[in-house]
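The values are calculated or read from the model by the stated rules, or taken from the named source; none is laboratory data. The structure presented is a predicted model; accordingly, all values stated were derived computationally and were not measured. Heads up, the Cβs are rebuilt from the backbone with ideal geometry, glycines too, and the neighbour counts pull from every protein chain shown. Areas reflect the complete protein model, heavy atoms only, side chains present, ligands, DNA and RNA absent. Shrake-Rupley method; radii C 1.70, N 1.55, O 1.52, S 1.80 Å.
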Amino acid sequence: MFPRPFDYLRPTSVAEATRLLASHAEAKVLAGGHSLLPMMKLRLASPRVLIDIGRIPELTGIREENGMLIIGACTTHYAAESSPLLRRHCPLLAETAAAIGDVQVRNRGTIGGSLAHADPAADWPAAILAVEAQLKLVRRGAERLVPARDFFVDLLTTVMQSDELLTEIHVPVNPPRTGSAYLKVPQPASGFALTGVAAQVTLGPNNTLERVAVGITGVSSKPYRATATEQALQGQAATAEAVAQAATQATAGVEALADIHASAEYRLHLARVYTKRALLRAIERARG
Amino acid sequence: MHITVTVNGQTYTHDVEPRLLLVHYLRDVLRLTGTHVGCETSLCGACTVLMNGAAVKSCTVLAVQADGAEITTIEGLAKDGQLHPVQEGFWEEHGLQCGFCTPGMIMASYQLLQRNPNPSDAEIRHALEGNLCRCTGYQHIVNAVRYAAEKMRQSAPAASGT
Ligand SMILES: Cc1cc2nc3c(=O)[nH]c(=O)nc-3n(C[C@H](O)[C@H](O)[C@H](O)COP(=O)(O)OP(=O)(O)OC[C@H]3O[C@@H](n4cnc5c(N)ncnc54)[C@H](O)[C@@H]3O)c2cc1C
Ligand code: FES
Ligand code: FES
């Protein structure tokens, strides 16, 4: 099993990559290749040109700058999972990375590739929504920062244009008394999420919930924030009863996917149960 | 495209088609057939090799992506006719039956012990999630990795001051 023939280009800088993207209409970016190559082998995708961004130094690594974590798009899941910076300042991202696929997949797959691919069952989107990341998109001669909330459009579709490159993910460093959790029900064969819930909370005085964010993946055609649940908890005391009550609203207005692995009803049920569990664990961790 | 790849310590240069998969480069061009092709769809792990020290499914890596890389395959583990402790573990603990998954299992286990010299059974199973075995039921594979871990710890120079 091998892909249809293609030309292979390997730029060494973002400037060169965006120039190549602008001048090759039928090109696709290749990052870790762990979504794109399987699709090319099955001939579900047959790009004429591959632009391999895997060796662009600017695109790998995680750094801290003025209270923000800047994650290069080509940072692998494994590098994120084992990053001391992420573990200290935004452990939700390290926990989510560790939940992806298997170790071989995590060694190759990248955060940018996963977000750009926008598989509805991918893990990263839930966490990226919950930490309110911003995604830096660069095209020849222009760049923009898109909030995670506005990035996902539909199944395998984002706001990115075909000549745009996702270069960085910007994430605020957690304030004190913040706790988070990523909980997932994996599809047993592939490891992808039937449901994945990323919760992050910050506690205020008297253990009230100062900030609550819940990102949910796997359930519908695009990942979403459980806004009704968040609003019900905002400013409230962080009690198990309040969380259980609010979690029942985690699927309000959501149209669920259905396939041979799980019915729509089952996915909605999982989302509510896992929202409760993820929030309870996040609160427990915030208390320290 | 011209690529230069170091496989098991030996450097090769070849002109390859960009769509050639690393596993086919190893098997068909270099004739290193120890690395197996199982599912061809990134799921079974039979094709696992080390690329710059990291376990990868070589059916999901292009040979051109390995340009400049150091690859280790199952053929590269034994030294001077001495099996590597992980290989010895699979032998001693009956970690295989038909042996089809074994090269991939061993390379994934090798990486695990590089990253974590003293894994628990749960950690061993977690590290081998990307490798399927249709024969053993996995328990003997876990035993084999535990055997190797112990053997490698014994032969490693005693850690000082920790
Ligand atoms: C066996 C297996 C199990 C898996 N299990 C899971 C799982 O449990 N959870 C999960 O979330 N994922 C899972 N994955 C998917 C994996 O995480 C992929 O690595 C990821 O979805 C894509 O990242 P990549 O770097 O490999 O991207 P690629 O495959 O290289 O690219 C994917 C797409 O994104 C585009 N792209 C890539 N990078 C950029 C960029 N910087 N800018 C613009 N466009 C870009 C490409 O053009 C392509 O269209 C699994 C994959 C496999 C093979
Ligand atoms: S042959 Fe590569 S994962 Fe199965
Ligand atoms: S020994 Fe037969 S597949 Fe593992």
> At a Förster distance of 45 Å, what's the computed FRET efficiency of B:Asp15 paired with A:Arg63, Cβ-Cβ distance as r, to 0.05?
Replying inline: 0.70
> With every protein chain kept in the model, how would you rank B:Trp91, A:Trp124 by accessible area, 1.4 Å probe, largest at the top?
Replying inline: B:Trp91, A:Trp124
> Taking Cα pairs under 8 Å and at least six residues apart, what relative contact order does chain A come out at, in percent?
Replying inline: 16
> For segment A:7-52, what's the relative contact order in percent, using C-alpha pairs closer than 8 Å and at least 6 residues apart?
Replying inline: 58
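Viscosity 1.567 mPa s, temperature 4 °C: give me the Stokes-Einstein translational D for chain A in µm²/s, with Rh taken as the Kirkwood radius over C-alpha pairs.
Working: Rh = 19.3 Å.
Stokes-Einstein gives a translational diffusion coefficient of 67 µm²/s.
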> Could you give the distance between the Cα centres of segment A:53-104 and segment A:241-288, to the whole Å?
Replying inline: 26
> With point charges of +1 on the Cβ of Lys and Arg and -1 on the Cβ of Asp and Glu, referenced to the Cα centre of chain A, which listed residue (A:Ala286, A:Ala45, A:Val105) lies farthest in the positive direction of the dipole?
Replying inline: A:Val105
>> What's the total accessible area buried between chains A and B, using a 1.4 Å probe, rounded to the nearest 100 Å²?
In response: 2400
> Between B:Ser155, A:Ala25, A:Thr195, whose Cα lies farthest towards the positive end of the dipole of the protein assembly as shown when Lys and Arg beta carbons carry +1 and Asp and Glu beta carbons carry -1, centred on the Cα centre?
Replying inline: A:Thr195
>> Within chain B, what whole-number % of the accessible surface is contributed by carbon and sulfur, with the 1.4 Å probe and all protein chains included in the calculation?
In response: 50
> What is the mean number of Cβ atoms from other protein chains located within 10 Å of the Cβ atom of each residue in peptide A:95-106, rounded to a whole number?
Replying inline: 5
>> Strictly over 23 Å apart at the Cα level, which of B:Lys79/B:Lys151; A:Lys41/A:Lys222; A:Lys41/A:Lys184; A:Lys184/A:Lys222; A:Lys136/A:Lys222; A:Lys222/B:Lys57 would you flag in this model?
In response: A:Lys41/A:Lys222; A:Lys41/A:Lys184; A:Lys222/B:Lys57
> Averaged across the residues of A:51-61, what count of C-beta atoms belonging to other chains lies within 10 Å of each residue's C-beta?
Replying inline: 1
> Can you give the mean number of other chain Cβ atoms that lie within 10 Å of the Cβ atoms in peptide A:248-255?
Replying inline: 0
>> Within segment A:89-124, list the residues whose amide N lies under 18 Å from a label point set 7 Å along Cα→Cβ of A:Val173.
In response: A:89-94
> What number in nm² do you get for segment A:6-141 if you take the convex hull of its Cα atoms and divide its surface by four?
Replying inline: 8.5
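For B:Arg146, what is the net charge nearby, where nearby means another residue's Cβ is under 9 Å from its Cβ and Lys, Arg count +1, Asp, Glu -1?
Summing Lys/Arg as +1 and Asp/Glu as -1 gives -3.
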> Which order, highest average first, do A:216-227, A:36-47 follow once you tally other Cβ atoms within 10 Å for each residue and take the mean per peptide?
Replying inline: A:216-227, A:36-47
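What's the FRET efficiency of A:Arg87 with B:Ala78 using the Cβ-Cβ distance as r and R₀ = 41 Å, to the nearest 0.05?
0.65
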>> Per residue, how large is the accessible surface of segment A:108-170? Use a 1.4 angstrom probe and give square angstrom.
In response: 36
> Reachable aspartates and glutamates from A:Lys28, Cα under 12 Å, same-chain residues fewer than 8 places away excluded?
Replying inline: A:Asp7, A:Asp52, A:Asp163, A:Glu164
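How long is the gain from A:Arg139 to A:His261 if the chain were fully straight, where each residue apart is worth 0.36 nm and the alpha carbon distance is subtracted?
On the way: separation 122, 0.36 × 122 = 43.92 nm, distance 3.84 nm.
The A:Arg139-A:His261 span can extend by a further 40.1 nm.
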>> Can you give me the % of accessible surface on segment A:174-234 that is carbon or sulfur? Probe 1.4 Å, all protein chains present, nothing else counted.
In response: 57
> How big is D for segment A:178-287, in µm² s⁻¹ as a whole number, if Stokes-Einstein is applied with the Kirkwood radius of its Cα pairs at 10 °C and 1.306 mPa s?
Replying inline: 116
> For B:Glu150 and B:Ala122 in one chain, what is 0.36 nm times their gap in residues minus the Cα-Cα distance, to one decimal in nm?
Replying inline: 8.5 nm
> What is the sum of charges around A:Glu132, taking Lys and Arg as +1, Asp and Glu as -1, for the other residues whose C-beta is under 11 Å from the C-beta of A:Glu132?
Replying inline: +3
> Could you give the length gained on full extension between A:Arg4 and A:Glu241, defined as 0.36 nm per residue of separation minus the Cα-Cα distance, in nm?
Replying inline: 79.7 nm
> In square angstrom, rounded to the nearest 10, how much accessible surface does B:Val16 have for a 1.4 Å probe?
Replying inline: 10
